Amino acid sequence: MTDSPQNAGTCPGVMLAGILVGAVIGATFSLLYAPKAGQETRDDLLDRLDDLKLRVDTTARELASRAHTQFDEVRTDLAQAVSVGCIAADERVAELKQQTGME
């Protein structure tokens, strides 16, 4: 499994929370400082919510994909480690049998 410095210490929940907080702050400031009619403001909010939904969905899919890839890498590494351990154990058993004359 590879760990890039870019992904080191990144928690998917923190990233998602950051996206959501940023979206709420942006929406709040746009409401406070935008001199628009009520319907126009509601339409803008709906557009922004659609954009936020798309970004959250995209981020969730990317995180799920990365998690799946990392899981597969760990599973492969574990299978290799178990295989090496089994081979080493078999070799040691053969050595012990040879030393004790049980073969």
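Read-outs: derived from the displayed coordinates by stated rules, not from any lab. Not measured: the values here are computed from a predicted model. Note that we place each Cβ from the backbone using ideal geometry, even for glycine, and neighbour counts take in every protein chain shown.
The angle separating the long axis of helix 12-33 from the principal Cα axis of greatest extent in the chain is about 10 degrees.
Here the Debye sum runs over all C-alpha atoms of the stretch 11-98 as equal scatterers in vacuum, and log10 of I(q)/I(0) at q = 0.13, 0.20 Å⁻¹ comes out as -0.65, -0.95. Computed from phi, the 3J(HN,Hα) profile of the stretch 49-56 under the Karplus parametrisation 6.51, -1.76, 1.60 (θ = phi - 60°) reads 5, 4, 4, 4, 4, 5, 5, 5 Hz, with x in place of Gly and Pro. Listed values for the stretch 85-97 are Karplus-derived 3J(HN,Hα) couplings in whole Hz (6.51 cos²θ - 1.76 cosθ + 1.60, θ = phi - 60°), namely x, 5, 5, 5, 5, 4, 5, 5, 4, 5, 4, 5, 4, and x replaces Gly and Pro. Other residues lying with their Cβ under 13 Å from the Cβ of VAL84 contribute a combined charge of -2, Lys and Arg counting +1, Asp and Glu -1. Near GLY18: Cβ cut-off under 15 Å, other residues only, Lys/Arg at +1 and Asp/Glu at -1. The net charge is 0.
A simple rule links phi to the HN-Hα coupling: the Karplus curve 6.51 cos²θ - 1.76 cosθ + 1.60 with θ = phi - 60°, which for the stretch 70-78 gives 5, 4, 4, 5, 5, 4, 5, 4, 5 Hz, with x for Gly and Pro.
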